[in-house]
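This report concerns only the one structure given below.
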Amino acid sequence: SEKLYTASPGFVNGLQARTFGVWTLLSSVIRCLCAIDIRNRTLYYLTLFTFFLALIHFLSEVFIYHTAALTIGVMAPLMVASFSILGMLIGLQYLEVEALSQNKKKN
């Protein structure tokens with residue numbers, strides 16, 4: 001939290017830092033589970049949602065609450081979230097095509 005919220009470090013306390021850490025850990029577990037079972041549509045959408053949450057969180061901290069500055073510590077998660085959302089939206093098309101082809105094979 002000290003490297004991220006550099007614009008207003010006084011607003012960040014230990015509880016918020018620990019909550020942010022647990023949120024990051026939970027997001028990484030969801031993303032790893034999706035990587036293991038990428039064809040699970042529910043898990044895929046949940047993973048995509050975690051990247052949207054990360055993007056919204058960091059953008060709001062920079063542009064709305066002004067607690068973070070656009071440093072490398074903030075730019076890196078913004079870029080990862082943005083590219084991951086783009087990649088997952090592209091991958092979603094392949095997931096839907098695969099589901100349709102499996103349905104045709106069953107019939």
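The values are calculated or read from the model by the stated rules, or taken from the named source; none is laboratory data. In this text, all values refer to a predicted model and were calculated from it rather than measured experimentally. When we count neighbours, we look across all protein chains shown, and the Cβ atoms used for this are built from the backbone with ideal geometry, even at glycine. Quick note on the areas: whole protein, heavy atoms, side chains included, nothing else; ligands and nucleic acids left out. Shrake-Rupley method; radii C 1.70, N 1.55, O 1.52, S 1.80 Å.
Every residue, every condition in (1) of a type outside the set (A, V, I, L, M); (2) in contact (Cβ under 8 Å) with a residue 12 or more places away in the chain; (3) open to solvent by 40 Å² or more (accessible area, probe 1.4 Å); (4) touching a strand residue (DSSP E or B) at 6+ places or on another chain (Cβ under 9 Å), yes or no:
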{"site": "7", "(1), (2), (3), (4)": "no, yes, yes, no"}
{"site": "10", "(1), (2), (3), (4)": "yes, no, yes, no"}
{"site": "13", "(1), (2), (3), (4)": "yes, no, yes, no"}
{"site": "18", "(1), (2), (3), (4)": "yes, no, yes, no"}
{"site": "28", "(1), (2), (3), (4)": "yes, no, yes, no"}
{"site": "36", "(1), (2), (3), (4)": "no, no, yes, no"}
{"site": "49", "(1), (2), (3), (4)": "yes, no, yes, no"}
{"site": "58", "(1), (2), (3), (4)": "yes, yes, no, no"}
{"site": "67", "(1), (2), (3), (4)": "yes, yes, no, no"}
Notebook entry, point to check: Does residue 46 satisfy the condition of being touching a Leu at 6+ places or on another chain (Cβ under 8 Å), modelled with pLDDT of 95 or more and not basic (Lys, Arg)?
Noted result: no
Test result for residue 86, hydrophobic (A, V, I, L, M, F, W, C) and modelled with pLDDT of 95 or more:
yes
Looking across segment 69-107 at residues that are open to solvent by less than 40 Å² (accessible area, probe 1.4 Å) and over 16 Å from the mean Cα position of the chain (by Cα), the single one that is farthest from residue 5 (Cα to Cα) is 99
Scanning segment 38-47 for residues that are open to solvent by less than 80 Å² (accessible area, probe 1.4 Å) and touching a residue at least 24 places away in the same chain (Cβ under 8 Å), the one farthest from residue 82 (Cα to Cα) turns out to be 44
